[in-house]
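Inspection log for the structure reproduced underneath, given as structure tokens.
The values are calculated or read from the model by the stated rules, or taken from the named source; none is laboratory data. Just so you know, these numbers come straight off a predicted model, no measurement behind them. Positions of Cβ are backbone-derived with ideal geometry, glycine not excepted, and every protein chain shown enters the neighbour counts. Note: areas computed on protein heavy atoms with side chains; ligands, DNA, RNA excluded. Shrake-Rupley method; radii C 1.70, N 1.55, O 1.52, S 1.80 Å.
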Amino acid sequence: TWTDAFKSPITALNTARWSGGANTEVWVANGFYEPTTTTDRWISFDVPNKLHFFGGFEGDETSIDQRGFNLCYLNGNIGGSGSSDNAYTVLDASLTDSDTLIDGFRIHNGRNDDGGPSDANKGGGLRLQGSSAVVRNCNFVDNYASNSGGAVYSDAGAPTFVDCFFYQNEAFEGSAIHHSGNGMLRMYNCEFADQNGFEGTVELDNADAMLVGCYFHGNYAGGEGGAVKAAGANSLVTLVNCTIGNNFAGQDAGGVYVESGADAVIKNSILWGNESGFGGEVLDQQYAASGSGSNVTVTTTTVQGGAGAIGANPMFVDA
């Protein structure tokens, strides 16, 4: 019962792991929770396979349908007041399948700047290695990785994100999300605002992605792909009903950039007001393909510059 609840999600997650995770739910009431009471930066909230992990409860519900919009923070700030001693990764759901659900959390203050093993420096907020977990109604805020995936690092899996918000995350590549491997990343109705990095807000490395109804605005990449970058011969990114506006890249394609044989398909979307440091053509600022075999296919889409698309101003009230 809520009266006799665990005092920390750590204990609840460990108990769920002993039961195998399947057919188990963990409900978390509003509040701030850290993955450890020590200063060990390697400790994360570890989600076992097939668990349903819900946040945002008031603390008196008896049904999942009674849950409101209470803020439930999974917080990487385990050390002092600064960020240099924060947890490397706040939440880890690696080796989980699509029956695993994470729903209703604000994941913030992860700082993955370790210079150790080859998989370090990746994923400040959430790590998904070999994972096809579903992540819903989660906010990723102020997470950092010195290498890949400021908010989320995904490799060799096929995760799904629904109704998630990414704000002010930072990494060298994939300031919000880095996804690699053979599986497809799926994102529905997600928003990306004010990310900062060098290569792509969402960055793909020899991997596919489907983005539907997503919104990118005010994101920055010092290199290519202010909103999206796809690299590798096995990468295909499909964007449907997406709005990509007022993003910036220091080199090429403030909007969508594909290279090294990667491809992009953009349908029923808007690309407008994106800027890049190189190239005078407006079209190159919205999207660009570079390298042998790289293609961007655009249909029924509003693109500033209009080449191969609809050139009419979308007339944003506030872009």
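Taking each residue of region 296-319 that is free of Cβ contacts under 8 Å to residues at least 40 places away in the same chain and looking for partners that are surrounded by 13 or more Cβ atoms within 10 Å (Cβ to Cβ) and of a type in the set (D, E, K, R) with beta-carbon atoms closer than 6 Å, six or more apart or interchain, yields 299/267.
On the stretch given as region 226-241, residues that are crowded, with 24+ Cβ neighbours inside 10 Å, assigned to a loop (DSSP other than H, G, I, E, B) and modelled with pLDDT under 95 total 1.
Per-residue answers, yes or no, for (1) over 23 Å from residue 150 (Cα atoms); (2) touching a helix residue (DSSP H, G or I) at 6+ places or on another chain (Cβ under 7 Å):
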| site | (1), (2) |
| --- | --- |
| 226 | no, no |
| 242 | no, no |
| 256 | no, no |
| 263 | yes, no |
| 267 | yes, no |
| 288 | yes, no |
| 297 | yes, no |
| 307 | yes, yes |
| 314 | yes, no |
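Of all residues in region 135-148, one or more are in contact with a Pro (Cβ under 7 Å, 6 or more places away or on another chain) and at negative phi. Listed by position, the strands (runs of 3 or more DSSP E) inside region 141-188 whose residues that are more than 11 Å from the chain's Cα centre (by Cα) and touching a residue at least 24 places away in the same chain (Cβ under 8 Å) number at least 3 are 144-148, 170-173. Could you go through region 201-217 and let me know if any residue there is open to solvent by less than 10 Å² (accessible area, probe 1.4 Å), farther than 25 Å from residue 142 by Cα, hydroxyl-bearing (Ser, Thr, Tyr) and in a loop (DSSP other than H, G, I, E, B). No, because not a single residue in region 201-217 is open to solvent by less than 10 Å² (accessible area, probe 1.4 Å), farther than 25 Å from residue 142 by Cα, hydroxyl-bearing (Ser, Thr, Tyr) and in a loop (DSSP other than H, G, I, E, B).
For the structure I just gave you, tell me whether residue 118 is touching a Lys or Arg at 6+ places or on another chain (Cβ under 6 Å), over 17 Å from residue 28 (Cβ atoms), of a type in the set (Ser, Thr, Tyr) and modelled with pLDDT under 95. Outline the logic, then answer.
Values: touching a Lys or Arg at 6+ places or on another chain (Cβ under 6 Å): no; over 17 Å from residue 28 (Cβ atoms): yes; of a type in the set (Ser, Thr, Tyr): yes; modelled with pLDDT under 95: yes.
No: the conditions fail for residue 118.
Here is a check on your reading of the model: is residue 270 in contact with a Phe, Trp or Tyr (Cβ under 9 Å, 6 or more places away or on another chain), open to solvent by less than 30 Å² (accessible area, probe 1.4 Å), in contact (Cβ under 8 Å) with a residue 12 or more places away in the chain and more than 16 Å from residue 201 (Cα to Cα)?
Numbers: in contact with a Phe, Trp or Tyr (Cβ under 9 Å, 6 or more places away or on another chain): yes; open to solvent by less than 30 Å² (accessible area, probe 1.4 Å): no; in contact (Cβ under 8 Å) with a residue 12 or more places away in the chain: yes; more than 16 Å from residue 201 (Cα to Cα): yes.
No; evaluated as a whole, the condition is false for this residue.
Before we move on, is residue 102 part of a strand (DSSP E or B) and among the β-branched types (Val, Ile, Thr)? Yes: the conditions hold for residue 102.
This table checks each residue for (1) in contact (Cβ under 8 Å) with a residue 60 or more places away in the chain; (2) touching a helix residue (DSSP H, G or I) at 6+ places or on another chain (Cβ under 8 Å).
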position: 57; (1), (2): no, no
position: 65; (1), (2): no, no
position: 74; (1), (2): yes, yes
position: 83; (1), (2): yes, no
position: 90; (1), (2): no, no
position: 108; (1), (2): no, no
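Residue 144 meets the stated requirement of being within 23 Å of residue 10 (Cβ to Cβ), open to solvent by 50 Å² or more (accessible area, probe 1.4 Å), modelled with pLDDT of 95 or more and out of contact with any Cys (no Cβ under 6 Å at 6 or more places or on another chain). The set of residues in region 245-256 being open to solvent by 10 Å² or more (accessible area, probe 1.4 Å), part of a strand (DSSP E or B) and touching a residue at least 40 places away in the same chain (Cβ under 8 Å) is empty.
Looking across region 275-319, the residues that are closer than 16 Å to residue 243 by Cα, polar (S, T, N, Q) and open to solvent by less than 40 Å² (accessible area, probe 1.4 Å) come down to 285, 286, 301, 302. The single condition from (1) touching a Lys or Arg at 6+ places or on another chain (Cβ under 6 Å); (2) under 23 Å from residue 124 (Cβ atoms) that residue 57 fails is (2).
What are the residues in region 47-82 that are in a strand (DSSP E or B), over 17 Å from residue 140 (Cα atoms) and open to solvent by 30 Å² or more (accessible area, probe 1.4 Å), if any? Talk me through it step by step, then tell me what you get.
Of region 47-82, the ones in a strand (DSSP E or B) are 52-57, 72-75.
The next check asks that each one be over 17 Å from residue 140 (Cα atoms); those that pass are 52, 57.
Of everything in region 47-82, just one residue is in a strand (DSSP E or B), over 17 Å from residue 140 (Cα atoms) and open to solvent by 30 Å² or more (accessible area, probe 1.4 Å), namely 52.
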